[in-house]
Structures are given as structure tokens and as C-alpha cells.
Amino acid sequence: MGSYNYYKMFGCFNRKFKISESEPPPDVREAFWRFTAGAQQMTAEQLLKFMVQHQEDYNCTAVDVQDIMQHVFHRRHHHNLQQEIKHLAFTLEDFFYFLFQDDLNGPINPQVHHDMTAPLHHYFIYTGHNSYLTGNQLSSDCSEIPIVRALENGVRGIELDLWPNSTKDNVHVLHGRTLTTPVPLIKCFKSIKEHAFVKSPYPVIITLEDHLTPELQARVAEMAIRIFGESLYCPESGCVEEFPPVESLRHKIILSTKPPKEYLGSNHSKEGETSSPKDKEFSDDETEAESEVDDKPEYQSDSDYEDYDNCGRRSGNVAAPEYKRLIAIHAGNAKKKCLRQVLRIRIDRARRLSLSEQELERAAALYASDVVRFTQKHLLRVFPKGTRVTSSNFSPIMAWMHGAQMVAFNMQGYGKSLWMMHGFFRANGGCGYFKKPHLLMSKNSNGDVFDPKLPWPVRVTLKVIVYMGDGWRLDFSHTHFDTYSPPDFYTKIYVIGVPLDATKSKTRVIEDDWAPYWDQEFTFPLRVPELALLRIEVREYDRSDKDDFGGQTCIPVSELRPGIRAVPLYDKKGRKFKSVRLLMRFRFE
């Protein structure tokens with residue numbers, strides 16, 4: 001007996017729609033018959049052969065296959081997982097069921113599998129912006145809760161803005177010169193200590209935007225030492241000569257900000273600090289840049305950047321020496337007029353530079369290779385422009401293409417850019433570090449670095465088949481998409497990457513079906529697959545209104561596992577649906 005969905009029409013009589021059970025697509029049947037040589041059942045040996053030859057899962061072992069079969073029998077036939085069943089064999093239905101389980105057959109490797117022994121600046125780092133805000137940039141509450149949530153999701157870069165409290169005897173975290181309500185710094189530090197390594201053992205970098213007096217800086221140092229203790233990374237020399245391997249920084253907390261100069265009494269106010277947000281129109285200096293620019297004459301020389309280079313070696317009365325000693329990664333930012341010089345200054349020591357999204361766009365347009373060359377030795381952090389008061393984000397791909405390791409995002413924001421960020425860092429076991437492709441870290445025989453604008457030849461073709469989708473009827477009410485009938489789903493596929501690789505396609509609309517079956521193939525020729533992202537979105541076609549959202553995911557193309565895969569989908573906030581997923585096939589030619 002089939003089951004039915006009933007929909008009311010005009011408030012009286014019912015329309016009846018049969019709920020059809022998902023059937024294996026022809027490719028799944030064909031693979032089953034091919035690897036069983038036409039038999040009704042697939043043995044463990046035959047499944048292993050399928051995994052290695054068809055799914056190109058060359059590390060798959062007989063033990064893995066036993067494990068897969070145990071799980072499937074446990075879920076489908078309620079076998080005890082502990083009970084060793086010797087002669088397990090799959091029917092076609094078992095085989096199809098297995099292929100559609102994303103935890104057993106997902107599109108990416110769920111383990112940390114990148115080489116983690118390279119220096120810190122060889123990785124893209126999952127980075128937050130204004131990590132303490134619960135909502136918009138103007139009036140939302142500051143809290144430790146978004147920090148905890150970010151760390152639990154694998155974010156490794158946390159930003160805190162430090163301001164004196166009203167009585168100037170303690171340190172508050174808030175978005176300066178706005179109506180955001182503060183949270184005490186000690187609360188943020190304690191939350192970081194407790195949750196830093198819940199999701200990932202790799203280092204957490206805390207970037208500080210510092211608006212404090214030397215007395216309060218000393219207080220921050222005392223607080224950091226008391227709370228973080230052994231886990232604080234403090235290099236011997238007082239600042240990092242060159243970035244250490246990420247593997248050696250496991251369970252470490254690293255502080256990064258501009259090292260303090262001597263305190264200048266009442267002249268301490270930094271550029272633009274007295275102006276109100278209204279006058280500044282939240283210029284791109286609003287965030288980190290603001291705290292990291294000194295009042296300087298317009299001309300620039302290397303000596304202006306001595307704060308990168310002195311590492312506490314200069315004699316003289318330095319403010320809060322204990323604070324300065326804790327700053328492992330020295331930071332700075334560029335005055336607009338001399339950004340190119342800043343990128344080109346040859347400094348032996350590792351440092352971090354902060355640019356707003358507009359400064360990065362300008363630098364990428366005018367001198368892309370200087371930006372890429374800079375990131376081959378140093379860290380580059382790119383943050384959203386101040387006008388994004390709703391906590392929206394920019395597309396991270398431009399920054400990644402130019403080697404920027406720390407693309408700082410409003411994790412409490414929303415939208416497609418954040419989906420890209422979430423998807424990118426689900427890779428490599430969700431550990432928050434993603435090794436940069438070789439092409440961004442190398443030079444060619446002429447000493448030139450990668451230029452995203454060059455017309456590269458097509459190097460690989462990605463073929464994608466969207467077979468079918470399922471799970472909506474379990475995760476949504478039966479009238480969620482349409483009051484009068486089952487949903488009309490279609491899938492959109494985007495490639496995001498270097499300009500010549502960017503493209504989009506979509507399947508046809510399947511009407512009135514909770515388990516849509518498309519079986520359509522798409523071909524994407526790629527010039528720089530290392531920097532390409534596959535973005536997938538399911539929508540429900542609506543004649544009269546905007547199409548409804550049915551789930552999304554983003555996957556770095558370099559991480560895709562070939563073969564027939566179950567692709568889990570996520571909601572608008574990046575939370576994984578319980579049941580919604582697509583069955584797809586990926587092939588590289």
C-alpha cells in the first residue's frame with residue numbers, strides 16, 4: 001500500500017497525492033549489477049571493489065567496508081552494531097540506502113587530511129569579525145555567546161575591541177562609538193579558554209583592537225596570563241621571527257595586535273577617534289584600521305614601520321612591557337596612499353596586515369602580484385567595510401584568490417557569502433585551517449607569482465550529475481512550500497572562482513514531488529580548480545511569488561570526492577538539515 005498526502009482545495013474537498021518511495025537511479029542499478037556480476041547480492045569484497053574503482057576511494061579497506069555494512073544493517077534492519085555478523089551482503093536496496101547516507105558516503109573527507117606541518121601563513125584561517133556582537137554593528141548586545149558559538153563551529157580567529165569602562169578602571173569589549181552594550185573582557189577570555197579547542201585542536205588567534213591606557217594594557221596582560229596560562233603562545237624573542245608550523249601550535253592561544261608605543265598622555269587619541277560615527281559615515285577605518293593607524297605625516301619611510309621590526313628591542317620606556325611581550329604576531333595597517341609600499345617593504349620578521357574589503361579590492365585591481373607576494377611571507381587580514389551595519393559580508397573569493405589568510409566575517413550575519421565561508425571551512429575535518437594551494441605559495445621560473453586575472457588554459461573538467469533529492473517531507477510540514485500540492489523543486493549549481501571559471505546552471509523543475517528525480521548532467525571546465533567553490537542551492541518554484549528556499553551547501557572543488565555521493569544540505573543559517581540531501585555524482589576529466 002502506498003501512502004498519500006492530502007491537500008485542501010478551496011477549503012472543502014481534498015486533493016490526493018501518492019507519496020512515491022525513492023527508487024535507485026539507473027546509474028546506481030548499473031553499478032550494482034556491474035560489481036556483483038549480475039547477482040542479487042553484493043558481498044563485502046565486491047563493495048570494496050566498488051569503493052576503490054568507482055568511488056576512487058583508494059584508502060578504503062576491508063575493515064571500512066565491514067563497518068559500512070554493519071551501520072547499514074543496524075539502521076535498516078535494526079541489527080545490533082556490536083554483534084559481529086560474518087556474511088553480510090547488500091541487496092540493491094541496501095546499496096542504494098548506503099549511497100544516500102551522507103555520514104557514510106559524503107562528498108568530502110570528514111577527517112583532517114591536509115598537511116598541518118607547514119608554517120601558519122600557508123593556511124587559510126577561519127576568522128571572525130567583531131566576534132562579540134549578537135546582531136548588527138550599531139545597537140546589538142555584546143556577549144560571550146557568539147564567541148562560544150563561533151569556536152564550537154571551528155572558527156579560529158576571534159576579534160575583540162578593547163575599551164576602558166566608564167570608570168576607566170577595567171576593560172570592556174564593545175564596538176566603539178556605537179550603542180552596543182558592553183561585555184567584560186574577562187568573560188570573553190574565560191569563554192575562549194573553555195571552548196577554544198572543543199571543535200579543533202589547532203591554534204586560536206585573538207586579534208585585539210586596542211583603545212587602552214598602559215595601566216589597562218597591563219591589566220589585560222595579567223588577565224591573559226591568569227586565564228590562559230600555559231596555552232598562551234609567547235615566543236622567546238618577544239615576537240615571531242617566522243611563523244611556526246601549525247602542528248606545533250596545537251592547543252595554543254595567540255594574541256595579535258599593534259604593539260603599543262610609548263604612551264603620549266593626552267595626545268593618545270588616535271586618528272578620527274573624536275569624530276562621531278555620523279561624521280565618519282563608518283569609513284573603512286572604523287574597525288581594526290582605526291586602532292592601528294598612528295597620526296603620521298603623509299610621507300612614509302621604512303622607519304615608520306619600525307613597530308613591526310623592533311620586537312621590543314629598542315631601548316626607552318616602553319608602555320606596559322608585560323602586555324607587549326604577549327603580542328606574538330605584530331600587526332599594522334596601511335595608509336591608503338602608500339599601500340603598495342607597505343606591501344613591498346622587505347621586513348625579515350613575520351607580521352600581520354589588516355585591510356578593509358575596499359582596500360583589498362583596490363590593491364587587487366592595481367597591484368595583485370604585490371598582494372600575493374606579501375601573503376607568501378606574512379598574514380593578511382581582510383575585514384568588512386564599516387557601512388555593513390547589518391553585519392552582512394562580502395564575497396571571500398577575491399581575498400582567497402590573492403592569498404589573504406584571514407578573511408574576517410560577521411558570523412552572526414547571513415547570506416550567500418557566509419554560506420561560502422561555512423562550506424569552505426567544513427573541509428579538512430572542520431578544523432578551521434585550510435592549506436593554501438601550492439600555486440599561491442610558489443613563484444614561476446621568472447620569479448612571478450600567481451595572478452588570478454591571467455587567462456589560464458582549462459586544466460580540468462568537472463562533471464556533475466544531480467540524480468535526485470529527498471528528506472524534505474521529514475524536515476518540513478506538508479504545507480510548508482505549497483498549501484495545495486507537494487513542492488516543485490529544482491537545483492541551482494554555481495561555480496565560484498577566478499573570473500573565467502565563474503558560471504551557473506540549473507535543473508528542470510519537477511512538479512508535485514517530495515522526492516524530486518532530475519538525473520541531469522552538467523559540465524564545468526575549470527582553469528584554477530584549486531580556488532573554485534561549488535555552490536548548490538535547491539529552490540521550490542513558485543509561479544506567483546519568490547521561489548522558496550529548500551537548502552544549500554558549498555564545497556571546495558579541490559575537496560570533492562569522485563563517485564556517487566550523498567550531499568547534505570544546510571539551512572539559511574548554516575545548520576545542517578536532519579534529512580534533506582541530494583544524490584549526486586562527481587567526475588574529474
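The values are calculated or read from the model by the stated rules, or taken from the named source; none is laboratory data. The structure presented is a predicted model; accordingly, all values stated were derived computationally and were not measured. Ideal geometry is used to build each Cβ from the backbone, glycine not excepted, and the neighbour counts take in all protein chains shown. Side chains are part of the model used for accessible areas, which takes the heavy atoms of the whole protein and leaves out ligands, DNA and RNA. Shrake-Rupley method; radii C 1.70, N 1.55, O 1.52, S 1.80 Å.
Restricting attention to the range 140-162, which residues are outside any helix (DSSP H, G or I), at pLDDT 95 or above, more than 15 Å from I125 (Cα to Cα) and among the charged types (D, E, K, R)?
Within the range 140-162, E144, D161 qualify.
Within the set of pairs 6 or more residues apart or between chains, which connect a residue that is surrounded by fewer than 20 Cβ atoms within 10 Å (Cβ to Cβ) inside the range 217-233 to a residue that is small (G, A, S) and in a helix (DSSP H, G or I) with Cβ atoms less than 9 Å apart?
L232/A224
I need every pair where a residue in the range 160-171 that is within 23 Å of H129 (Cα to Cα) has its Cβ under 8 Å from the Cβ of a residue that is loosely packed, with under 12 Cβ neighbours inside 10 Å, sequence separation at least 6 or different chains.
Hits for this filter: zero, empty list.
Residue by residue through the range 256-275, note down the ones that are in a loop (DSSP other than H, G, I, E, B) and either at pLDDT 70 or above or open to solvent by 80 Å² or more (accessible area, probe 1.4 Å) (or both).
Of everything in the range 256-275, those that are in a loop (DSSP other than H, G, I, E, B) and either at pLDDT 70 or above or open to solvent by 80 Å² or more (accessible area, probe 1.4 Å) (or both) turn out to be K258, P259, P260, E262, Y263, L264, T274.
Can you name the helices (runs of 4 or more DSSP H) wholly within the range 332-422 that have at least 2 residues being farther than 22 Å from A118 by Cβ, out of contact with any His (no Cβ under 6 Å at 6 or more places or on another chain) and open to solvent by 50 Å² or more (accessible area, probe 1.4 Å)?
339-344, 357-375
Kindly provide the set of residues from the range 476-502 that are open to solvent by less than 60 Å² (accessible area, probe 1.4 Å) and not in a loop (DSSP other than H, G, I, E, B), ordered by number.
Selection gives F489, Y490, T491, K492, I493, Y494, V495, I496, D501.
Being surrounded by fewer than 22 Cβ atoms within 10 Å (Cβ to Cβ) and out of contact with any helix residue (DSSP H, G or I) (no Cβ under 8 Å at 6 or more places or on another chain) is the filter here, so list the residues in the range 573-587 that pass it.
K573, R575, K576, F586, R587
Which residue out of L162, L151 is aliphatic (A, V, I, L, M) and more than 19 Å from the chain's Cα centre (by Cα)?
Sole residue among the options that is aliphatic (A, V, I, L, M) and more than 19 Å from the chain's Cα centre (by Cα): L162.
Every residue in the range 141-173 that is of a type in the set (D, E), out of contact with any Cys (no Cβ under 6 Å at 6 or more places or on another chain) and buried (at least 20 other Cβ atoms within 10 Å of the Cβ), please.
Going through the range 141-173, the residues of a type in the set (D, E) turn out to be 141, 144, 152, 159, 161, 169.
Going one step further and asking which of them are out of contact with any Cys (no Cβ under 6 Å at 6 or more places or on another chain), we end up with 141, 152, 159, 161, 169.
Once the filter is applied, which keeps residues that are of a type in the set (D, E), out of contact with any Cys (no Cβ under 6 Å at 6 or more places or on another chain) and buried (at least 20 other Cβ atoms within 10 Å of the Cβ), the range 141-173 yields E159, D161.
Got at least one residue in the range 185-200 being open to solvent by 10 Å² or more (accessible area, probe 1.4 Å), under 26 Å from P119 (Cβ atoms), in contact (Cβ under 8 Å) with a residue 24 or more places away in the chain and hydroxyl-bearing (S, T, Y)?
Checked against the condition, which is being open to solvent by 10 Å² or more (accessible area, probe 1.4 Å), under 26 Å from P119 (Cβ atoms), in contact (Cβ under 8 Å) with a residue 24 or more places away in the chain and hydroxyl-bearing (S, T, Y), the range 185-200 yields no hits at all.
I'd like the full set of residues that are outside any strand (DSSP E or B), open to solvent by 20 Å² or more (accessible area, probe 1.4 Å) and touching an Asp or Glu at 6+ places or on another chain (Cβ under 8 Å), limited to the range 530-561.
Within the range 530-561, Y541, D542, D547, S558, R561 meet the criteria.
Pairs only if they're at least six apart or on different chains, beta carbon under 8 angstrom, first in the range 441-452 and open to solvent by less than 40 Å² (accessible area, probe 1.4 Å), second charged (D, E, K, R); list them, first residue then second.
Going by the 8 Å Cβ cut-off, the qualifying pairs are V449/R373; V449/K443.
Whether any residue in the range 203-210 is closer than 20 Å to S131 by Cα, modelled with pLDDT under 95 and crowded, with 17+ Cβ neighbours inside 10 Å is what I want to check.
Yes.
For the range 94-137, which positions are of a type in the set (V, I, T) and over 30 Å from F32 (Cα atoms)?
V112, T117, I125, T127, T134 - these are the residues of the range 94-137 that are of a type in the set (V, I, T) and over 30 Å from F32 (Cα atoms).
Quick one: how many residues across the range 234-255 are touching a residue at least 12 places away in the same chain (Cβ under 8 Å) and in a loop (DSSP other than H, G, I, E, B)?
Counting residues in the range 234-255 that are touching a residue at least 12 places away in the same chain (Cβ under 8 Å) and in a loop (DSSP other than H, G, I, E, B) gives 13.
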